[in-house]
2 protein chains.
Amino acid sequence: MSVSDLSRKPDVNRQMCPSRLVLEHVTSRWGVLVLAALLERSYRFSELRREVGGVSEKMLAQTLQTLERDGFVHRDAKPVIPPRVDYSLTGLGREAAEQVWALARWTERRLDAVHAAREVYDAEKKEQAQSG
Amino acid sequence: MSVSDLSRKPDVNRQMCPSRLVLEHVTSRWGVLVLAALLERSYRFSELRREVGGVSEKMLAQTLQTLERDGFVHRDAKPVIPPRVDYSLTGLGREAAEQVWALARWTERRLDAVHAAREVYDAEKKEQAQSG
């Protein structure tokens with residue numbers, strides 16, 4: 001990246017803008033679900049893996065590490081035996097999490113409308129295929 | 001999917017819940033940017049491709065088709081020569097777009113905080129590697 005790129009205003013529509021990568025971290029398949037879960041409370045790794053259905057250990061670890069490096073997630077390794085690691089949101093992470101949490105709840109709430117739209121779309125496509 | 005799954009309350013944390021797939025469409029790399037762009041105005045395909053930097057013709061077409069089928073995007077093919085196709089948001093799409101637009105702008109606004117967090121993270125990792 002050139003100096004002139006760094007000095008430009010962040011713009012997710014610009015291919016090389018670093019803000020686009022941050023947006024991708026926040027909206028990644030597992031990033032969304034991890035942030036939304038952590039908005040409700042802090043979690044240990046294994047608890048979080050149970051909460052977010054279908055995430056592999058590797059993908060969850062990668063997601064948490066990315067979110068930690070971006071300053072969204074705080075990793076708290078307690079010096080106890082057996083080791084205990086808690087994950088929670090930072091202030092910055094909470095700002096992101098509130099938004100993706102709302103988006104996740106919206107998706108659940110509007111699922112019926114999406115299903116209805118798909119039925120119309122599929123019926124139209126079928127009709128076009130038959131008449132075409 | 002079994003009947004019992006269909007009758008359960010939508011929950012993006014459940015691996016097989018269809019709401020998760022809808023959330024993935026809305027938050028997909030190109031889905032986010034397309035929805036956010038369309039919130040500002042309607043676009044022709046080629047205009048939208050210029051607006052969303054780096055998207056291939058194929059990925060943009062796929063993204064628009066997915067968003068159209070879900071009921072978020074309206075495709076208006078005008079019977080003119082040369083053919084003209086406009087893409088705009090539906091009411092449902094606008095609800096989603098307002099949220100991802102806000103998230104995109106937030107990411108741009110908070111990019112400096114993310115960069116600062118990464119510097120701290122990387123410095124700590126470097127220190128750990130040297131002392132370890």
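FYI, it's all coordinate maths here, none of it is from the lab. This is a predicted model, so every value here is computed, not measured. So basically every Cβ, Gly included, is an ideal-geometry build from the backbone, and we count neighbours across all protein chains shown.
What the table shows:
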{"quantity": "Fewest-first sequence of A:Met16, A:Met59 by Cβ atoms within 10 Å of each Cβ", "calculated": "A:Met16, A:Met59"}
{"quantity": "Footprinting exposure proxy for B:Thr27, B:Thr66, A:Thr63 (fewest neighbouring C-beta atoms within 10 Å first)", "calculated": "B:Thr66, A:Thr63, B:Thr27"}
{"quantity": "Formal net charge of residues neighbouring B:Arg84 (Cβ-Cβ distance under 13 Å; K, R +1; D, E -1)", "calculated": "0"}
{"quantity": "Helix-only [θ]222 nm of chain B, DSSP H runs n ≥ 4, -39500 (n - 2.57) each, per residue, nearest 500", "calculated": "-20500 deg cm²/dmol"}
{"quantity": "Axis-proximal residue, chain A, for the rotation superposing A on B (Cβ, Å)", "calculated": "A:Thr27, 2"}
{"quantity": "Sites A:Arg41 and B:Lys58, calculated FRET efficiency, Cβ-Cβ separation with R0 45 Å, nearest 0.05", "calculated": "0.60"}
{"quantity": "Cα gyration tensor category, rounded, prolate or oblate, for the protein assembly as shown with a/c compared to 1.5", "calculated": "oblate"}
{"quantity": "Nearby lysines by direct alpha-carbon distance to B:Lys58 (threshold 20 angstrom, same-chain neighbours under 8 apart not counted)", "calculated": "A:Lys125"}
{"quantity": "Listed residue (B:Ala36, B:Thr90, B:Ser19) projecting farthest to the positive dipole end of the stretch B:3-131, Cβ model", "calculated": "B:Thr90"}
{"quantity": "C-alpha long axis of helix B:18-27 to longest principal axis of chain B, angle in °", "calculated": "80"}
{"quantity": "Under 10 Å, Cβ to Cβ, from A:Val55 - net charge with Lys/Arg +1 and Asp/Glu -1", "calculated": "+2"}
{"quantity": "Gained length - B:His115 relative to B:Asp11, 0.36 nm times residue gap less alpha-carbon distance", "calculated": "34.1 nm"}
{"quantity": "Magnitude of the charge dipole, the stretch A:61-124, Cβ model with Lys/Arg +1 and Asp/Glu -1, debye to 20", "calculated": "380"}
{"quantity": "B:Arg75 versus A:Leu21: modelled label distance in nm, points set 7 Å from Cα along the beta carbon direction", "calculated": "3.4"}
{"quantity": "Folded to 0 to 90 degrees: helix B:91-109 orientation relative to chain B principal axis, Cα", "calculated": "30"}
{"quantity": "Burial ordering of A:Glu51, B:Glu119, fewest other beta-carbon atoms within 10 Å first", "calculated": "B:Glu119, A:Glu51"}
{"quantity": "Given charges at beta-carbon only (K, R positive; D, E negative), |dipole| of chain A in Debye", "calculated": "300"}
{"quantity": "Cα shape, the stretch B:3-131, gyration tensor, a/c 1.5 rule", "calculated": "oblate"}
